[in-house]
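K.L.:
If you scroll down you'll find the structure; I have some questions about it.
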There are 2 protein chains.
Amino acid sequence: MAQAQTLSRNQQIVLDIIEKAKGPLKAYSILFNVQKKGINAPQQIYRALDKLIEMGKIHKIESKNAFVACRSSDCEISKATAFSICESCEMVDEISDTKLSKYISSFNHKKGMKFKRFNLEFFGLCKKCK
Amino acid sequence: MAQAQTLSRNQQIVLDIIEKAKGPLKAYSILFNVQKKGINAPQQIYRALDKLIEMGKIHKIESKNAFVACRSSDCEISKATAFSICESCEMVDEISDTKLSKYISSFNHKKGMKFKRFNLEFFGLCKKCK
DNA sequence: TAACAAACGTTATATTATAACAATGATAAA
DNA sequence: TTTATCATTGTTATAATATAACGTTTGTTA
Ligand SMILES: [Zn+2]
Ligand SMILES: [Zn+2]
Ligand SMILES: [Zn+2]
Ligand SMILES: [Zn+2]
């Protein structure tokens, strides 16, 4: 379990926006949303995003270059992440399924590689869109 | 099983480069490599890449924005892809494991989403790097 | 208080990807 | 063969995503 971490000003601002959002946010869309708070440069966003990812507060959806808040709390600082992504409405939902996660984590690659982390992205149509 | 498809000139050029490569290639690195063949613009690369992905000839490694040739032939036109990625040397290896693939494909999301496709990326250290 | 690390602000630039439009080539029906 | 249709190409321009580099400020600890 990760210990509680205090967030810096910029980290908190960025996290707040991501947590309030209904879906994944892109870095530059976050930037436009925080300009009134005195954040003006991409670097400031990307630095906060990097730290928030390290802390496990958010995840990057690699296939969309977008960021979501972690809603799962048992994804062990992003060591085992899984998402379901609607190809129509772009909704992203974090999958928190112990059995699935355990199964994948225990997968052993024949070629002698030792895994530290995985990321799984499912694509399809959500309830509303199908 | 996908039927044999004939590739256009640019598609063949791009595929050749990706198949010869030892590791994942980035779009602009492909571009620099084919300028002697008369391909000069990113669009030409990205268009070929798109088609090759559709055909299942190559895959995009989302976490690296890079492309690898499909070595598996049973990934059913990219409906079920899995890769092992070394965080040190950037080696990428396509995982072709029927059991793993079946298990993940049969996963049913509680929230009623019907999955059409998944992509799984493992990260760690390869044999050489650990 | 000195030393160190983390976070910040800023400017510039690198990297990845798409828009838009005209021209060409291949396929197949009429 | 002509005409229609569709995929592919070439080209210019621009959008979107991300990092480098530098100096300053702030917070923590010795
Ligand atoms: Zn999570
Ligand atoms: Zn949807
Ligand atoms: Zn494959
Ligand atoms: Zn390695």
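The values are calculated or read from the model by the stated rules, or taken from the named source; none is laboratory data. Everything quoted here is computed from the prediction, not taken from an experiment. We place every Cβ from the backbone using ideal geometry, glycine too, and count neighbours over all the protein chains shown.
K.L.:
Quick check: is even one residue across segment A:40-61 charged (D, E, K, R) and farther than 23 Å from A:ALA80 by Cα?
P.N.:
No: zero hits.
K.L.:
Looking only at segment A:52-69, decide whether some residue is charged (D, E, K, R), at positive phi and away from ligand 2 (no atom under 16 Å from the Cβ).
P.N.:
no
K.L.:
Residues being within 16 Å of DNA strand D (Cβ to nearest atom) and under 16 Å from B:PHE122 (Cβ atoms): count how many of those fall in segment B:41-59.
P.N.:
Number of matching residues: 0.
K.L.:
What residue, of A:LYS111, A:LYS99, A:LYS127, is surrounded by fewer than 16 Cβ atoms within 10 Å (Cβ to Cβ) and within 16 Å of ligand 4 (Cβ to nearest atom)?
P.N.:
Sole residue among the options that is surrounded by fewer than 16 Cβ atoms within 10 Å (Cβ to Cβ) and within 16 Å of ligand 4 (Cβ to nearest atom): A:LYS111.
K.L.:
Same structure again: Can you tell me which residue among B:LYS36, B:LYS51, B:LYS26, B:LYS64 is more than 21 Å from A:GLU62 (Cα to Cα), out of contact with any His (no Cβ under 9 Å at 6 or more places or on another chain) and of a type in the set (D, E, K, R)?
P.N.:
Exactly one residue qualifies, and that residue is B:LYS36.
K.L.:
Let me ask something additional. Just wondering, is there one or more residues in segment A:71-91 that are within 16 Å of ligand 2 (Cβ to nearest atom), over 15 Å from B:ALA82 (Cα atoms) and free of Cβ contacts under 8 Å to residues at least 12 places away in the same chain?
P.N.:
no
K.L.:
What are the residues in segment B:61-90 that are within 16 Å of DNA strand D (Cβ to nearest atom), over 10 Å from the mean Cα position of the chain (by Cα) and surrounded by 20 or more Cβ atoms within 10 Å (Cβ to Cβ), if any?
P.N.:
B:ILE85, the sole residue that qualifies.
K.L.:
Is segment A:95-118 home to any residue that is within 16 Å of DNA strand D (Cβ to nearest atom), more than 11 Å from the chain's Cα centre (by Cα) and more than 10 Å from chain B (Cβ to nearest Cβ)?
P.N.:
no
K.L.:
Could you list, in sequence order, the residues of segment A:100-126 that are in a loop (DSSP other than H, G, I, E, B) and either in contact (Cβ under 8 Å) with a residue 12 or more places away in the chain or in the same structural domain as A:SER63 (by TED's automatic domain parsing) (or both)?
P.N.:
A:CYS126, the sole residue that qualifies.
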